[in-house]
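Asks: Questions regarding the structure given below will be posed in turn.
Please treat every number below as a calculation from the coordinates, not as lab data. Keep in mind that what you see is a predicted model, and the values were worked out from it rather than measured. Cβ coordinates were reconstructed from backbone atoms using ideal geometry, including for glycine residues, and neighbour counts include every protein chain displayed.
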Amino acid sequence: MELATFDLPIFLRGATREVFDTMLSMELNEQDTLSLADGSRIVGSVSLAGSVSGTVNIHVSDTFAAQITANMLGMEIDEIESDEEVHDVIGELSNMIGGDLKSRLCDAGFICELSIPSITSGRDFNIESKGWAVKESVCFQYQDHIALIEAFIKNGG
Amino acid sequence: MGLKILTVDDSKTIRMIVKKAFRPYDCQIVEGENGVEGLALASKEKPDLIILDITMPVMNGAEMLSKMKEEPDLKNIPVIMLTAEAGKDNVMKIVQMGVKDYMVKPFKGEQLIERVTKIMPLSEKKAEAPAEEESSKYFNLDGDIQLLAVPSKILRPTIVDVESQLKPKLKEMSSGGIKKMILDLSKITETNVSLIKLIITILDNCQLAGVKVLTVASASLGKELKEFQETGNIPIHFSIDDAKAAF
């Protein structure tokens, strides 16, 4: 199978919807445009390495990250005790979405390993990723919040 | 006595989800953050079941499991593997490791409980009034003053625990004519949102019950409490004796 025929758009959307629905009871609506609100945001990332390499990023605003954390842990937003809790939850979401993608790739013959999640947070920053064979970006809306999910893959070294 | 369950996951989130899933059942949950901690806890605690993540730093779940299989004391402890990867090869690998079952993330707490009950029976916690010794964990009667001493670190479950014991205690105090309480925060080592919530919960409940509360705390905690809008106006005493004298 050629990597170019790997159905990344379908798998990425399916995994994201399933993770948000199962873990957070959040039904996502896909947005036509790719846009994130200005302000502080958190990016959860996992990487793939093997016969393919790649990365999966989840961008959410701080306020959406707090809502996600509260839903995941079954509590109110004001009960969140630290940024560590929020980062752990966003990292775990990227692990689940990345894990699903990794499984699809392995099932298609592209054997690879998944990294432990990492977190980037701040405001007014861009993450530019170049040189990938296949890439997909999708924005989902939940109430007033937006989540941008990106995946990039290419043949491994 | 209930089951002892060891959850080994580098994600606090997943450990919290596992703990929450077992909350209605008579279980004691022990937590480890990686395979090294998991192995040490398995040897020390001899759990009835291990819920084990695969991808972890320091030592992953597969390595921990293979080391367990080399230990006569540990090799028969049932293990449920958690994985974010549902790929065929990964699942085959997990099955060959000799685990009882596996769960693919994302999962709901109920799904985990369903898997566990296929391996061992879980009994629900009995909804009975707190035993005397449980209640005395926080409360101690000194003459006509009820002392309420809270632990050094307050977490969300502590609030629930104290509140569930406070309400019957206030009824008991009312029937015994006790109208004074000392809230002893002298053991507190960390100020967090849960501590503030706990203080407010206690003061609100006592006010409703017509019980006067005086608060005892260290000087440093007293200073920190002054900085919170919710606790800024609470008079602080620096010892139980001071508070008793103030009554």
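Asks: What does the average come to when, for each residue of peptide B:9-17, you count the partner chain Cβ atoms lying within 10 Å of its Cβ? If you can, show how the numbers build up before the last one.
Replies: Numbers: counts 1, 6, 7, 7, 14, 6, 1, 7, 5.
Average per residue, whole number: 6.
Asks: Pick from A:ALA108, A:ALA15, A:ALA66: which is most flexible by mean-square fluctuation in a GNM of chain A where alpha carbon atoms under 10 Å apart are linked?
Replies: So, out of A:ALA108, A:ALA15, A:ALA66, the one fluctuating most is A:ALA108.
Asks: Just how large is the dipole of the protein assembly as shown about the Cα centre, in debye to the nearest 20, putting +1 at every Lys and Arg Cβ and -1 at every Asp and Glu Cβ? Show your work: numbers first, answer last.
Replies: On the way: 43 positive and 62 negative charges, 146 e Å.
Dipole of the protein assembly as shown, to the nearest 20 debye: 700 debye.
Asks: To the nearest 10 degrees, how steep is helix A:62-73 against the longest Cα principal axis of chain A, on a 0 to 90 scale?
Replies: 90
Asks: Now, a different point. Roughly speaking, what is the stretch gain from A:GLU18 to A:GLN141, that is 0.36 nm per residue apart minus the C-alpha to C-alpha distance, in nm to one decimal? Provide the component values of the computation, followed by the final result.
Replies: Values: separation 123, 0.36 × 123 = 44.28 nm, distance 1.45 nm.
Separation in residues times 0.36 nm, less the Cα-Cα distance, equals 42.8 nm.
Asks: To continue, here is another question. Divide by every residue of chain A the summed helix terms, -39500 (n - 2.57) for each DSSP H run of at least 4, and state the resulting mean residue ellipticity at 222 nm, rounded to the nearest 500 deg cm²/dmol.
Replies: Working: 3 runs with 54 residues, N = 157.
That comes out to -11500 deg cm²/dmol.
Asks: Using only the Cα atoms, work out Rg/Rh for the protein assembly as shown, with Rh taken as the Kirkwood radius, to two decimals. Could you put the intermediate results ahead of the total?
Replies: Details: Rg = 25.0 Å, Rh = 23.9 Å.
Reported Rg/Rh, Kirkwood definition of Rh: 1.05.
Asks: Taking Cα atoms of the stretch B:62-179, Rg/Rh with Kirkwood Rh, to two decimals? Please list the in-between numbers first.
Replies: Numbers: Rg = 22.9 Å, Rh = 18.8 Å.
Rounded to two decimals, Rg over Rh is 1.22.
Asks: Which angle from 0 to 90°, rounded to the nearest 10, does the C-alpha axis of helix B:35-45 make with the longest principal axis of chain B?
Replies: Between the helix axis and the principal axis of chain B, the angle is about 70 degrees.
Asks: With a sphere of radius 10 Å drawn around the Cβ of A:ALA133, what net charge do the other residues whose Cβ falls strictly inside it have (Lys, Arg +1; Asp, Glu -1)?
Replies: Numbers: positive: A:LYS135, A:LYS154; negative: A:GLU2.
Result for the neighbourhood of A:ALA133: +1.
Asks: Moving on to the next point. Compute the long axis of helix B:109-119 from its Cα atoms, compare it with the longest principal axis of the Cα atoms of chain B, and write down the angle in degrees, 0 to 90, nearest 10.
Replies: Taking the Cα atoms of chain B, the angle to B:109-119 is about 60 degrees.
Asks: If I model a spin label as a point 7 Å beyond the Cα along the Cα-Cβ vector, how far apart are those points for A:ASN155 and A:GLU84 in nm?
Replies: In this crude spin-label approximation the distance works out to 4.5 nm.
Asks: Rounded to the nearest 5, what is the percent of antiparallel bridges among the DSSP beta bridges in the protein assembly as shown?
Replies: Values: 42 of 72 bridges.
Bridges in the protein assembly as shown that DSSP calls antiparallel: roughly 60 percent.
Asks: How large is the dipole of chain B about the Cα centre if only Lys and Arg carry +1 and Asp and Glu carry -1, each at its Cβ, rounded to the nearest 20 debye? Mind showing how you got there, number by number?
Replies: Working: 34 positive and 36 negative charges, 84 e Å.
It works out to roughly 400 debye.
Asks: Return the distance in nm (one decimal) between the two label points of a simple spin-label model at B:SER152 and B:LYS171, each offset 7 Å from Cα along Cα→Cβ.
Replies: Result for the modelled spin labels: 3.5 nm.
Asks: Same structure, new question: Find which of B:GLY232, A:MET75, B:ILE5 sits farthest along the positive direction of the dipole of the protein assembly as shown, computed with +1 on the beta-carbon of Lys and Arg, -1 on that of Asp and Glu, about the Cα centre.
Replies: B:ILE5
Asks: Compute the whole-percent fraction of alpha carbon pairs in the stretch A:1-154 spaced more than 28 Å apart. All intermediate terms of the calculation are to be shown ahead of the outcome.
Replies: On the way: 1912 of 11781 pairs.
In whole percent, the share of Cα-Cα pairs in the stretch A:1-154 beyond 28 Å is 16.
Asks: With each pseudo-label sitting 7 Å past Cα toward Cβ, what's the B:SER164-B:GLN28 distance in nm, one decimal?
Replies: 1.7
Asks: Loop only by DSSP, 10 or fewer other Cβ within 10 Å of the Cβ. Give me the trypsin sites (Lys or Arg not before Pro) in the stretch A:81-157 that pass, ordered by residue number. Please report the intermediate quantities before stating the final value.
Replies: Numbers: sites: A:LYS102, A:ARG104, A:ARG123, A:LYS130, A:LYS135, A:LYS154; in loops: A:LYS130.
Filter output for the stretch A:81-157: A:LYS130.
Asks: Sticking with this one: With only alpha-carbon atoms in the gyration tensor, what are the semi-axes of the equivalent ellipsoid for chain B, in Å, largest first?
Replies: On the way: eigenvalues 402, 74, 46 Å².
Ellipsoid half-lengths, sorted descending, are 45, 19, 15 Å.
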